[in-house]
1. Please list, ordered by first then second residue, the pairs with beta carbon atoms under 6 Å, 6 or more apart or interchain, first in the range A:226-239 and more than 7 Å from chain B (Cβ to nearest Cβ), second exposed (fewer than 15 other Cβ atoms within 10 Å of the Cβ).
2. Checking A:PRO217 against (1) in contact with a His (Cβ under 7 Å, 6 or more places away or on another chain); (2) at pLDDT 95 or above; (3) more than 10 Å from chain B (Cβ to nearest Cβ): exactly one of these is not met. Which one?
3. For the range B:83-134, which positions are more than 14 Å from chain A (Cβ to nearest Cβ), under 25 Å from B:HIS38 (Cβ atoms) and part of a loop (DSSP other than H, G, I, E, B)?
4. Would a scan of the range A:133-152 turn up a residue that is modelled with pLDDT of 95 or more and within 14 Å of another protein chain (Cβ to nearest Cβ)?
5. Just the residues that are in contact (Cβ under 8 Å) with a residue 40 or more places away in the chain, closer than 17 Å to B:GLU167 by Cβ and in a strand (DSSP E or B), please, taken from the range B:137-147.
6. Here are B:LEU10, B:LEU87: which of them is within 24 Å of B:TRP256 (Cβ to Cβ), in contact with a Phe, Trp or Tyr (Cβ under 9 Å, 6 or more places away or on another chain) and aliphatic (A, V, I, L, M)?
7. So, in the range A:240-255, exactly how many residues are closer than 18 Å to A:PRO209 by Cβ and either touching a helix residue (DSSP H, G or I) at 6+ places or on another chain (Cβ under 6 Å) or within 9 Å of another protein chain (Cβ to nearest Cβ) (or both)?
8. Out of the range B:281-314, which residues are in contact with a strand residue (DSSP E or B) (Cβ under 7 Å, 6 or more places away or on another chain), surrounded by fewer than 20 Cβ atoms within 10 Å (Cβ to Cβ) and away from every other protein chain (no Cβ under 12 Å)?
Amino acid sequence: MSTRTLPLLFINLGGEMLYILDQRLRAQNIPADKAKKVSTVPAWIEEDRKRVMNDIITTMFNKKFLEELFKPQELYSKKALRTVFDRLAHASIMRLNQASMDKLYDLMTMAFKYQVLLCPRPKDILLVSFNHMDAIKDFVKDTPSILSQVDETYQQLIEMYTPLSNGEFQLIRQTLLIFFQDMHIRVSIFLKDKVQNSNGRFVLPTNGPVPRGTQIPGMIRIFSCSGEELTRLQFNNGGNYSSALREGSFEMFGNRVTKLGTNMYSVSRPVETHMSGTSKSSAQHTKVNAAPNPLAKEELNLLARLMGGLEVQKPGSTDTGFRVNLFATDEEEEEALISRPNELSYGVISIQATKDQQANAELTKIMGEFTESGDPSSSASSKGDDLLAMMDGL
Amino acid sequence: MFHKEKSIQLKNSASALYNNLSVLRIAPRRLTYFTVVHANVVNMVSTSWDGLNYSHRQLQSKEPNVATSTSLIMQAAFCALPSRDLLVVSSQKGIQMYESDGSIMVYWHALDTPEAPTAHAVFARGISAVSDNYVCVGVSSGAVLVFDVPSKGSNITLSEVLEEHKEAITDIASECSGSQECLANLVTADDGGNMCVWKSGEEFQLLNKIPGLDMTCSSVKLWKGTVLAGYGTGQIRLYEAVTGILHAEVNAHARWIYSLDIAPFSGLLLSAAEDSFVRVWHLSITPETNSVEIAHLHNECVTDTQICGAKFCDGDGYAFAVTGYDLSEIIRYVQS
């Protein structure tokens with residue numbers, strides 16, 4: 001549908017990812033003198049944390065990547081987008097196990113789904129994006145080089161999105177909602193705050209301020225042919241609404257007014273998800289995934305460029321590596337991986353995170369082969385899937 | 001006034017699209033068909049009036065002879081013409097027309113899609129039957145395609161392209177009161193809230209333009225010469241079609257309206273929005289005296305759901321059905 005959705009999806013999901021990682025890094029901050037027994041979770045110090053955040057943000061706002069992102073295009077498939085974020089999460093010395101990465105992605109997507117659903121007006125999604133951008137800017141405020149990349153992105157967002165009409169924003173919103181269709185993973189922090197029900201669906205309140213530009217429902221006005229008001233009638237709107245709040249700022253700086261998109265995590269609020277009870281409703285969401293995607297080629301081009309050009313840290317051994325766990329203990333993490341329902345697996349393309357010359361050459365060759373043979377047979381889309389499968393073997 | 005009845009389960013959930021529910025009542029066979037769009041699939045359910053039999057069918061938006069991709073569907077709507085009923089499906093790639101039971105595709109019209117994606121999305125949206133033999137479908141460019149439909153067979157042709165709108169078409173409606181006296185019998189609406197009023201014929205005639213106030217009109221109906229329009233601001237406005245005179249303005253919903261429907265025999269109006277509410281209103285319009293009255297009758301709240309489709313199941317408004325984003329059922333309400 002809308003060809004301008006991807007930048008918003010990427011920036012907002014990226015923002016949520018940073019909130020969660022920041023929280024986990026702070027939570028795992030263990031004073032050096034309180035060394036644990038056989039824990040593989042390292043003692044994070046302030047410097048390491050800042051370094052990880054800087055590395056990820058630098059990668060996220062890589063100029064070439066953003067250029068690609070901002071081009072008009074359809075949304076990536078869930079699989080491809082997940083792979084991009086996998087790569088992004090590993091753009092630093094930090095390591096995440098499969099289970100933790102799955103959980104991270106669940107949290108990111110449910111958080112943004114919540115924000116999109118609850119935006120009073122479709123254009124408020126831009127304010128949500130600015131909230132994320134503001135926080136990202138704060139993470140890197142001490143590093144001028146990255147800061148300028150972030151500022152440039154603000155400009156691009158403002159240029160691209162502020163001229164759009166309400167109808168075009170609604171199309172973007174509808175496109176995002178199709179992407180998030182049927183996702184009902186339960187998130188602890190949402191359940192506790194009572195913004196999500198135990199069936200995984202978000203609470204949509206029938207009270208609170210109306211959006212800017214909307215009147216509180218309740219009045220009927222009848223006019224004469226000459227335009228004068230003849231009658232005024234009231235009706236019961238069934239809710240409990242109040243007047244709209246003031247307008248948020250759509251510029252680089254300013255009060256965004258909405259809280260959607262701000263950081264809801266803090267060290268004391270753990271990030272948990274519940275797998276049980278979600279399989280039934282999530283089983284349907286793979287339907288849209290399974291449909292062939294002709295843009296798989298485009299996505300893979302982008303992935304290849306991303307992988308080729310980026311500095312990758314050698315993972316080293318997991319014992320000494322800087323591993324981050326999204327769960328409370330290592331045992332929980334292992335358990336989560338084993339017990340994750342099949343239909344909730346993201347089908348991630350496992351790409352070796354090394355700047356291996358040979359691997360890169362292989363990949364380039366495969367990409368070349370794929371682009372040459374452009375015959376539009378009915379398996380054009382399955383070629384994309386074949387390629388994705390091939391990459392698994394790399 | 002209305003109470004909830006047993007819901008109809010769907011094979012998958014409804015997508016957040018305007019007017020995402022279409023209903024066709026087939027009296028001779030005591031059946032009602034419902035269609036709901038999920039991404040690139042149209043879910044069709046056929047229900048018997050005794051409530052005992054349900055059958056499901058899914059239509060994918062696939063173009064014949066063109067091996068491509070998925071294409072997201074923007075709308076699926078039944079078009080009831082005097083001689084035949086059609087199911088029209090509009091998507092990013094084009095327009096498909098099926099026999100009303102979805103069994104055979106009788107016509108395909110491809111949209112001009114550019115080689116590489118452009119900043120402006122390309123899609124078809126807004127579907128209505130008009131007069132005896134036309135089906136009109138809107139396009140994202142603002143054009144309205146007029147198809148001439150013979151009383152049977154697949155010799156459907158593109159008869160005219162109406163180019164008055166500059167923004168993407170959102171919805172199209174034809175005069176449904178059954179009265180032959182109405183001068184205007186078609187209204188088209190767009191993303192900017194602008195509406196055009198037409199008279200159908202071999203060459204469609206533009207009778208009036210009603211300017212929008214820069215707020216999307218997402219759903220529109222035409223009844224007894226009056227345009228009923230639902231907006232993104234949650235307002236419903238009633239305009240006299242041919243003159244553009246504003247008769248009434250209702251602050252109806254707290255969020256974007258997604259669907260309006262009218263029961264032509266009784267004057268009941270249904271409005272549904274992202275705010276979880278479906279509201280029932282009563283309209284009385286007397287064209288001779290130019291008087292319009294609208295009264296609020298009833299609210300239904302579908303908890304925690306952003307409603308995307310609401311339609312009466314019959315011309316009197318005895319029953320209505322509702323769909324919501326992420327909901328895999330069609331909820332039904334019946335007069336008590």
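The values are calculated or read from the model by the stated rules, or taken from the named source; none is laboratory data. Note that the structure is predicted; figures quoted are calculated from it, not measured. We place every Cβ from the backbone using ideal geometry, glycine too, and count neighbours over all the protein chains shown.
1. The qualifying pairs are A:LEU230/A:SER224.
2. (3)
3. Scanning the range B:83-134 gives B:SER100, B:ASP101, B:GLY102, B:SER103, B:ILE104.
4. Looking for residues that are modelled with pLDDT of 95 or more and within 14 Å of another protein chain (Cβ to nearest Cβ), one finds none in the range A:133-152, hence no.
5. The answer is B:VAL137, B:GLY138, B:VAL144, B:LEU145.
6. On the way: B:LEU87 fails: within 24 Å of B:TRP256 (Cβ to Cβ).
On inspection, the qualifying residue turns out to be B:LEU10.
7. To start, the set of residues in the range A:240-255 that are closer than 18 Å to A:PRO209 by Cβ comprises A:240-249, A:255.
So of that shortlist, the ones also either touching a helix residue (DSSP H, G or I) at 6+ places or on another chain (Cβ under 6 Å) or within 9 Å of another protein chain (Cβ to nearest Cβ) (or both) come out as A:241, A:248.
Going through the range A:240-255 one residue at a time, the tally reaches 2.
8. The one that is in contact with a strand residue (DSSP E or B) (Cβ under 7 Å, 6 or more places away or on another chain), surrounded by fewer than 20 Cβ atoms within 10 Å (Cβ to Cβ) and away from every other protein chain (no Cβ under 12 Å): B:ASP314.
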